[in-house]
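Below: the structure, in structure tokens.
The values are calculated or read from the model by the stated rules, or taken from the named source; none is laboratory data. The shown structure was predicted, so the numbers you read here are calculated from the model rather than taken from an experiment. Virtual Cβ from ideal backbone geometry, glycine too; neighbours counted across all protein chains shown.
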Amino acid sequence: MSSKFDKASLRLHKKNNGKIGTLVKVPLKTRNDLSVAYTPGVAAVSTFVAKDNRHAYTHTMKGTTIAVVSDGTAVLGLGNIGPYGALPVMEGKCALLASFTGINAVPLCINVHTSDAIVDFVSAIVPTFGAIILEDIAAPQCFEIEERLQKLSIPVIHDDQHAIAIAILAGLINGLKLVKKNHTDVRVVIIGAGASGIATARLLNAFGFLNIVLVDSKGIIHKKRKDLNVIKKKMLKITNPRNIMGYHADALIDADIVIGLSEPNSITSMMVSSMAKNPIVFALANPDPEINPMMAKKSGAYIVATGRSDYPNQINNAIVFPGLIKSALDLALTSFVQEHFIAAAIAIAKTVSHPNPENIIPSLFDKKLIPNIIRAVKNVSQKI
């Protein structure tokens, strides 16, 4: 399904040769300017930073600059379109960071795809950046890569896992208030067991959801399946407590919540109609959702959310990562933990003063959003 924004977006990107560029912070108009900013004056700065690398945070771009790294193997809902196809998306993420937090962000779309090569690349660029966002790297490889990079001296976060999971939890916190259900009592079906689906299941479980069912392209993930990879086998410890079997249509019968992180048009009206009373439907495939929001509403959904900005209730990682990364730089974090993510989700949910079925999640343009996330992460960091 094409978007009414397609042609305008193509024109915008062509006219500007993309969305971002390099900003020079200091004047370079005279010989004296050159002598202070470059040679010979810069030698004193280099010596100063070399003696104590911590000064890189105050005397270079490192303290206000992050890298967004992608190999293009899992871009939006477009799949493995490669690093060239990933570049416009990474530019967009960098533009959001600059616009909403003042952080300098550099897109680095790389033409290497093994875990070792990506880990080596990210490890090698640490001297330049204060944090790293991993983006659009396919599962299950993304889990290994992120885990191996936690040993670095700067925070590394795979955005497709954690930021979208935080946004989903925030939406569910408000959504469940509206339908008057408790998170410990509801059954949640997550369609899609890639990076976002796995991370969402983990975060919901950490928050206290007790009945989560994961579904991949071959059906419900249950204990009798012989084709599960290591990650999916581990997920059985916290999902599908009743060991139900079948496909996603079977999983949705009497379910309270469905979270689509899979493919366009993979949820039907009949499936929504089979869910419990006042169901919550998050159809988050991008750019085309698993079910049209109007169709979901007509089929009985009480609350519907998508990943798109042209429908109500946009559940998108864009409302999360600017505040999360700004907090990491402000607090000089070396890593994130689940407690940070839960606190961020609660803060995001509370940013919506009066939730209603068409407004369960704040807009990125809400001026309270980013400060609320930063405050929440700071409070957690002071306790751990």
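Some notes on this structure:
- Some residue of segment 300-313 being among the aromatic types (F, W, Y), touching a Lys or Arg at 6+ places or on another chain (Cβ under 9 Å) and not in a helix (DSSP H, G or I): yes
- When the test is whether a residue is in a loop (DSSP other than H, G, I, E, B), under 30 Å from the mean Cα position of the chain (by Cα), of a type in the set (K, R) and not assigned by TED's automatic domain parsing to the domain that holds A195, K19 passes it.
- Whichever residue in segment 47-69 is small (G, A, S) and surrounded by 14 or more Cβ atoms within 10 Å (Cβ to Cβ) and, among such residues, is modelled with the highest pLDDT: A67
- Yes/no for F282 being modelled with pLDDT of 95 or more and out of contact with any strand residue (DSSP E or B) (no Cβ under 9 Å at 6 or more places or on another chain): no
- V122 over 21 Å from the mean Cα position of the chain (by Cα) and outside any strand (DSSP E or B): no
- Selection within segment 185-213 - of a type in the set (A, V, I, L, M, F, W, C) and either free of Cβ contacts under 8 Å to residues at least 40 places away in the same chain or assigned to a helix (DSSP H, G or I) (or both): A195, I198, A199, A201, L203, L204, A206, F207, F209, L210, I212
- Of the residues G175, G72, the single one that is buried (at least 23 other Cβ atoms within 10 Å of the Cβ) and either assigned to a loop (DSSP other than H, G, I, E, B) or of a type in the set (D, E) (or both) is G72.
- For segment 291-314, a residue qualifies if it is surrounded by 24 or more Cβ atoms within 10 Å (Cβ to Cβ) and at pLDDT below 95, and exactly one does: G307.
- The conditions of being in a helix (DSSP H, G or I) and surrounded by 12 or more Cβ atoms within 10 Å (Cβ to Cβ) are met by A95.
- Top-ranked residue in segment 24-46 [being under 19 Å from T64 (Cα atoms) and of a type in the set (G, A, S); ranked as modelled with the highest pLDDT]: S46
- Pairs, first more than 19 Å from I164 (Cα to Cα) in segment 70-95, second modelled with pLDDT of 95 or more and among the basic types (K, R), C-beta under 6 Å, six or more apart: none
- Any hit, segment 133-144, residues being β-branched (V, I, T) and buried (at least 22 other Cβ atoms within 10 Å of the Cβ): yes
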